[in-house]
Amino acid sequence: GVPLNGVAPINAVSYTDAKTKTCYSFLIRQACKDNPQIQEFEDNIDDFYKLCHETFDEEYPGFKYKVFMFDDELVMIKALFQLIRNLDRDFCAIWNMGYDIPYFIARINELGGDPVEIMCDDRFAVKELFYWADRGTGVVVQKKDYFKSSSGTIFTDAMLNYGKLRKGKVIPSLKLNRIAHTELDSSKLDYSDEADIK
């Protein structure tokens, strides 16, 4: 099932910066310590970048790809939020933020870290970090979830925004793959022949 309350490791995070056309991947080694493919992947990282260009350049020209490998999950999470602070963009859109942000907070707590110190910006004298989930509204496009964070970047839920902007239409699904097909005539990568999400 879907892991909740920070019980499972975060072993991969992707952050795409539209301004610099850079896709950053943060990956944890320890998720597969005994897997020889991890070392093979790192030893041949240039082949991976080449594959990214071959796969995505036609649809997303000019993008660069950067992979960062970590042995420690908490260090990886800190690096992600440090990158977000360093880039200092006005907005960071997260698809289904109602799952991801509470999970980050719970996972940082589970690892013994302080979510406020990791996710907030030191430029703020008073730091606040709070996610409010609208559990009283059953219809996704009517939810009023919000995330309050002492950050120069405003975090926003791309899925809720998409649904709210189109709530006058019938939207069969807010699943990312369905939206990618509708808006871009594209889809997530199908790697079902090689593995599944678990």
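Structure data summary
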{"item": "Residue (of Gly168, Phe155, His53) at the positive-pole extreme of region 48-198, dipole from beta-carbon charges", "result": "Gly168"}
{"item": "Protection proxy ranking of 14-22, 77-85 - average other beta-carbon atoms within 10 Å, highest first", "result": "77-85, 14-22"}
{"item": "Candidate aspartates and glutamates for bridging to Lys167, where Cα separation is under 19 Å - those fewer than 8 sequence places away on the same chain excluded", "result": "Asp134, Asp145, Asp157, Glu183"}
{"item": "Hull-based mean projected area of the chain, where the convex hull spans the alpha carbons, in square nanometres", "result": "13.0"}
{"item": "DSSP beta bridge pairing in the chain, given as percent antiparallel to the nearest 5", "result": "50"}
{"item": "Mean Cα-pair separation over length for the chain, i.e. relative contact order, pairs under 8 Å, 6 or more apart, %", "result": "19"}
{"item": "Debye intensity ratio I(q)/I(0), log10, region 20-73, q values 0.17, 0.22, 0.27 Å⁻¹ (C-alpha model)", "result": "-0.60, -0.87, -1.07"}
{"item": "Leu184 - accessible surface, heavy atoms, 1.4 Å probe, Å² rounded to 10", "result": "100"}
{"item": "Expected 222 nm ellipticity per residue - DSSP helices of 4 or more, -39500 (n - 2.57), all of the chain, to 500", "result": "-10500 deg cm²/dmol"}
{"item": "Listed pairs Lys78/Lys188; Lys21/Lys164; Lys19/Lys66 exceeding 19 Å between Cα atoms", "result": "Lys78/Lys188; Lys21/Lys164"}
{"item": "Accessible area of region 137-195 belonging to carbon and sulfur atoms, whole % at 1.4 Å probe", "result": "52"}
{"item": "Max mean-square fluctuation residue, GNM over the chain, Cα-Cα springs under 10 Å, options Gly163, Gly152, Gly112", "result": "Gly112"}
{"item": "Computed FRET value (nearest 0.05) for Glu58 with Asn161, which takes r as the C-beta separation and R₀ as 35 Å", "result": "0.80"}
{"item": "Whether region 1-104 is rounded, prolate or oblate, judged on the alpha carbon gyration tensor where a/c under 1.5 counts as rounded", "result": "oblate"}
{"item": "For Lys64, distant residues with modelled amide H under 5 Å away", "result": "Thr22, Cys23"}
{"item": "Dipole in debye (nearest 20) - region 133-198, about Cα centre, beta carbon charges: Lys, Arg +1; Asp, Glu -1", "result": "560"}
{"item": "Point-charge dipole on Cβ atoms (K/R +1, D/E -1) for the chain, about Cα centre, debye to 20", "result": "1200"}
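The values are calculated or read from the model by the stated rules, or taken from the named source; none is laboratory data. Keep in mind it's a predicted model, so treat the numbers as computed, not measured. So basically every Cβ, Gly included, is an ideal-geometry build from the backbone, and we count neighbours across all protein chains shown. With ligands, DNA and RNA removed, areas are computed over all heavy atoms of the protein, side chains included. Shrake-Rupley method; radii C 1.70, N 1.55, O 1.52, S 1.80 Å.
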